[in-house]
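We did not get these values from a lab; they are worked out from the coordinates using the rules stated. For clarity, every value in this text was computed on a predicted model and none was experimentally measured. Reconstructed Cβ throughout: ideal geometry from the backbone, glycine too, with neighbour counts over all protein chains shown.
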Amino acid sequence: MAPGARTGLEIGAAVIVAAVAAVYLPQVLELFSLINATVWVSMAVLALSLGLVWGFGGILCFGQTAFFGLGGYTYAVASINFGDTTWAVPLALLMPTLLAAALGYLMFYGRISDVYMGVITLTTTLILFKFASSTAGDEWNIGEAPLGGFNGIPATPPLNFPLAPDQQLVPEQIFAVAVLCLVACYAIAKLVLRTRFGRVCVAIKENELRAELLGYDVRLHKLVMFALAGMMAGLAGVLFANCVFVSPTMFSLSYAGQVIIWVLVGGIGTLVGPVIGCVLVQMLTTYAGTLSWIDPNLLLGLVFMAAVVAVPKGLLPTASGLLARLTGRAQL
Amino acid sequence: MDYAAVVALQILSGVATLVIVSLGLAVVFGMMRVINLAHGEFLMLGGYTAVLAYGRGVNLWIALLILPPVVVGIVGVVVERLLIRRLYGRMVDTMLATWGLSLALIGGVTMLFGNSVTGVSAPLGSFIIGRFHVSVYDLFLMLAAVVLSVAVWAVLKFTPAGLLARGTMQNAEMASALGVAPDRVYAVTFAAGAALSGLAGGLIAPISGVVPTMGTAYIAKAFITVITGGAAMLTGTLTASGLLGTVLTSFTFLTTPVFGEVALLIVAIVLLRLLPRGITGRFLRRAL
């Protein structure tokens, strides 16, 4: 099959699955489960953004939550001030992109190695966490929006129809929007990877020195890839803000860690893997939360260590490798 | 005048704290190229060891200075055996696995001791400069930072074990060919690094509350310090602590502690843009 046709098929399949989910799930799920499902979908967008930047850009970003949280906060502050979410959303995509571009400039143009990159991005999200936690009190109002310190902004308004502040979306519609965003991000990622730019990014990931010697500007490609993933993470933050509300937890170490776990469990170097990993680990976390005898962090940490030692490639590549061996075909 | 003296003392004690919390990480990273993201939790375990031992009536100084390095050193041996050993040479995987360890330790300690803040009050009382009270324990921390740095330097420079460690660090294959078992050197180094982290946890227990998540308050600072320092682990850590500790404490004085940390991060990132291999990648390269 031609690669182009295959990309088309995969995107088509994703659209069909998403359409079924967006129409069918709101009819069968109770409101609480539906909102939970929306949270999971927003997390899946976050996982996808890291899967893209790590698996195809070769950029080890430990602080993807920095962009996630910044997107959420920008959305909340802007929509409270504007009284309308129409322009808050583009602003909430712009801010994380700018942060990613600034951070990316310092890291890629400084030619910092990948391990240091991980530490710098992680530190960034931790600093934002501390900053957001310390914003309690009236001196921390941006316009009409109080940042609220550790409690965040509980009054984060839900999305409304474009240019119609009175018509707010109901949870069923927000779920549909979230699923739509997930599919759109998946399709964009797939299509970007098919372009010349995307192929150069993968080439850089495979062998940075060789790509550079062939004349490609490694720093610029990485920067653009990083900014694109930052924007996706910002979108995830907007969706998350719509079904929960924004608080410093969005920047926290445990969220930052979870994103990595999702991608790692699902499989680095795939786009569906992170989404599957996200859903599986979320189910596990939710289940662990109902257990009183074990702390969720302990369970997550153990799963994390086991995943690194036992299935370093992730579930999806390992499973498809097994499948290929069982059916006796060459690996896909 | 007395205000200037107090500020100077605060800056020195900020630098000393940075040296203390970074040293264990610097040893493990500098010698083994292993990034230990559970470093903060090693500090936390050291802190808990100190608080629990003191609560059981152990002498304060034994609880602060002797037990934490011993206990955390043993934890380090176990972790090296079970986890780190499987992942040598896979830097990113090590990072991820130690992050998992960090989460698991936070979760485990929360289960055992709960999520509340405990601590010991700072011993040694205080003395007076002009209108200000200064804690003697701050001076003790400065002394501890100096003693620890000198001790690490002396062990690496003058003992046979230090020679083997430095040799293995420079060329593991050659060391192996000469009859040194790199595995064992790595295991001892990791345990020593863990013991240093534990001692750091004991030392800072009186000045910071002891909670399961206390490691996260220090890990970012420690990492940035070690990385800004660069390849020469001791000189790098000391120069970076001096620089970043001054920035941190000065900005904390001028604004708030949060902005102090933001300033530290920004200075470190800009510095890494200018010197991607850290301070000792450019200056003092031949130092230890």
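Give A:K190/A:K313; A:K205/B:K221; A:K222/A:K313 a once-over and call out the pairs whose C-alpha atoms are over 27 Å from each other.
A:K205/B:K221
Which is the longest stretch in chain A that no exposed loop site breaks, taking sites as GluC sites (Glu not before Pro) with a DSSP loop state and at most 11 other Cβ atoms within 10 Å?
It runs A:145-332.
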Given H placed 1.01 Å from N in the peptide plane, which residues other than close sequence neighbours of A:T135 have an amide H under 5 Å from its amide H? A:G149, A:F150
In whole Å, what are the Cα extents of region B:232-286 along the three principal axes, biggest one first? 38, 20, 12
Alpha carbons only, please: Rg and Dmax for region A:1-90, in angstrom. 17.0, 51
Could you bin all the Cα-Cα distances of region A:254-332 into 10 Å bins starting at 0 and give me the percent of pairs in each, rounded to whole numbers? 19, 45, 25, 9, 1
Diffusion coefficient in µm²/s returned for chain B by Stokes-Einstein, Kirkwood Rh over C-alpha pairs, 25 °C and 0.890 mPa s, is 127
Using θ = phi - 60° and the Karplus curve 6.51 cos²θ - 1.76 cosθ + 1.60, what whole-Hz ³J(HN,Hα) does each residue of region A:151-160 get, with Gly and Pro shown as x? 7, x, 10, x, 8, 5, x, x, 4, 10
Just need the relative contact order of chain B here, percent rounded to a whole number, with Cα pairs under 8 Å and 6+ apart. 34
Based on the Cβ-Cβ distance of B:R273 and A:V309, what FRET efficiency does E = 1/(1 + (r/R0)^6) give at R0 = 60 Å, to the nearest 0.05? 0.95
Suppose the chain between A:Q167 and A:T290 were pulled fully straight at 0.36 nm per residue; how much longer would it get relative to their current alpha carbon spacing? 40.6 nm
Distance in nm between label sites at B:I207 and A:L280, each 7 Å beyond Cα in the beta-carbon direction? 4.5
Which far-off residues, 5 or more places away or on another chain, put their amide H under 5 Å from the one on A:N160, with H placed in the peptide plane? A:T85, A:L169
Residue-wise, which Karplus ³J(HN,Hα) couplings in Hz belong to region A:206-219, taking 6.51 cos²θ - 1.76 cosθ + 1.60, θ = phi - 60°, and x for glycine or proline? 5, 7, 4, 5, 5, 4, 5, 5, 7, x, 8, 7, 4, 5
How high is the FRET efficiency from A:V20 to A:R210, r the C-beta distance, R0 45 Å, rounded to 0.05? 0.55
For each of B:H133, A:H221, count neighbouring Cβ atoms within 10 Å of the residue's Cβ, then give the residues from fewest to most. B:H133, A:H221
Zero-based 20 Å bins, Cα pair distances in the protein assembly as shown, whole percents: 19, 52, 26, 3, 0
I want to check the label-to-label distance for A:F150 and A:D217. Put each point 7 Å from Cα in the C-beta direction and report it in nm to one decimal. 4.6
Going by C-beta contacts inside 10 Å, put A:W87, A:W293, B:W153, A:W262 in order with the fewest on the left. A:W293, A:W87, B:W153, A:W262
The base-10 log of I(q)/I(0) that the Debye equation returns for region A:176-332 at q = 0.10, 0.13, 0.14 Å⁻¹, one scatterer per C-alpha, is -0.48, -0.80, -0.92
Using alpha carbon centers only, region A:15-86 is separated from region A:116-179 by a whole-angstrom value of 13
So if a site counts as exposed when it's one of the trypsin sites (Lys or Arg not before Pro), its DSSP state isn't H, G, I, E or B, and it has at most 10 other Cβ atoms within 10 Å, what's the longest stretch of chain B without one? B:132-285
From fewest to most C-beta neighbours within 10 Å, the residues A:D138, B:D2 line up as A:D138, B:D2
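Using helices alone, what [θ] at 222 nm do you get for chain B, with -39,500 (n - 2.57) per DSSP H run of 4 or more residues, divided over all residues and rounded to the nearest 500?
My calculation for chain B gives -24500 deg cm²/dmol from helical runs alone.
Report, in deg cm²/dmol and to the nearest 500, the calculated mean residue ellipticity at 222 nm for chain A, where each DSSP H run with n ≥ 4 adds -39500 (n - 2.57) and the sum is divided by the residue count.
About -24500 deg cm²/dmol.
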Mean shadow of region B:48-196, computed from the convex hull of its alpha carbons, in nm²? 12.3
For chain A, what relative contact order do you get, as a whole percent, if you take Cα pairs closer than 8 Å and at least 6 residues apart? 30
Efficiency by 1/(1 + (r/R0)^6): what FRET value for A:L322 and B:M1, r their Cβ-Cβ distance, R0 = 60 Å, to the nearest 0.05? 0.20
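How big is the shadow of the Cα convex hull of chain A, averaged over all directions, in nm²? Walk me through the numbers before you get to the answer.
Details: hull surface 75.3 nm².
With the hull built on Cα positions only, its mean projection is 18.8 nm².
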What whole-number distance in Å separates the alpha-carbon centres of region B:32-95 and region A:222-248? 35
